[in-house]
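The values are calculated or read from the model by the stated rules, or taken from the named source; none is laboratory data. Computed from a predicted model, the values in this text were never measured in an experiment. Ideal geometry is used to build each Cβ from the backbone, glycine not excepted, and the neighbour counts take in all protein chains shown. Just the protein is used for accessible areas: all its heavy atoms, side chains included, with ligands, DNA and RNA removed. Shrake-Rupley method; radii C 1.70, N 1.55, O 1.52, S 1.80 Å.
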Amino acid sequence: MAQAFTMERIFTKDLLIEQKEEMISLSKRVCKVKEEYLLSRFQIYEQVICLRRSQKLFGFQLIQTFEQNDEKFIYFGPLFSRMSCFRDLFLTYLQVIMEENQGRKIHLLAEIENPEVLFLFKALFEDYAYPKFHNAQVPDEIKDIVRIYHKRLSHIHNLDVDRMTTYSKESLYQYRPTHSTLEKWLHSRKIDFSHGMNIVLYSYVPAEPNPRDEFKLQLEHGIKRMANWKEGKKEMLNFFEGGIVNGV
């Protein structure tokens, strides 16, 4: 019987040399990222979350958090993982964060530069995450939250809050063929990852018990969809196909 994954959180200032070397090694294998890039990110981000099995590192992600008006803000930074382990890492961390912040609104934001990652996270969140499948318009209250992230975090560049896009100075994007429907959806919104553009993916965990329960139910539905991915992928492609727009 395979041993279960375990998650750990480490402040980047407390990382040991061997831990950094282990992360550098994994990042080179899964993304061919330069060592200098990752070392510079350890200086920017306050935390790193790691996923392990039998002490072996399967994935890690850099995290930035802050608080404002008694609400929790979490920024998900560079992510490196074997296969689909990032899903286990994200869901485990999210569960911990929700338990630590009962009765408190939790904002979640990431800059996505990989179409497959966008595809999988939308499979989890559906329209609990912006941008939505069908409606390219972003509500003003969501724009205001995204602006708070932009103001607080200096590494978010060239924010276009209407289109929910930013640009990376050092993009990790590597072209891989993806679903033509997803490519058309991105193209209809004038999003081109090859030029250093990112999609700003935003969601939040409600503070109130009933809306939070609904949020958890959506996550459970998304997890079940991914467990039966052959059918789940077809469902997701239909969502994206219905959201292809003209003249955005």
Calculated on alpha-carbon atoms, Rg and Dmax of region 97-223 in Å: 15.0, 42
Relative packing of peptides 53-66, 24-37 - highest average C-beta neighbours within 10 Å first: 53-66, 24-37
Top positive-direction residue, dipole computed over region 1-122 with Cβ charges, set Ser81, Phe11, Gln95: Ser81
Members of Lys105/Lys151; Lys143/Lys216; Lys143/Lys190; Lys34/Lys224; Lys56/Lys184 lying beyond 30 Å, as alpha-carbon distances in this model show: Lys34/Lys224; Lys56/Lys184
GluC sites (Glu not before Pro) within region 119-210, DSSP loop, no more than 14 other Cβ atoms inside 10 Å: Glu170
Spatial separation of Cα centroids for region 13-66 and region 67-143, in angstrom: 20
Accessible area in square angstrom per residue, the chain, 1.4 angstrom probe: 52
Normalised alpha carbon radius of gyration of region 1-76 [divisor 2.2 N^0.38 Å]: 1.20
Sparse-neighbourhood loop sites, trypsin sites (Lys or Arg not before Pro) in region 65-120 - DSSP loop, at most 12 other Cβ within 10 angstrom: none
Apportionment of accessible area to carbon and sulfur, region 66-112, percent (1.4 Å): 41
13 Å tail of the calculated P(r), region 34-82, as % of Cα pairs: 63
Region 64-147 - Rg (one decimal) and Dmax (whole number), Cα, Å: 13.6, 38
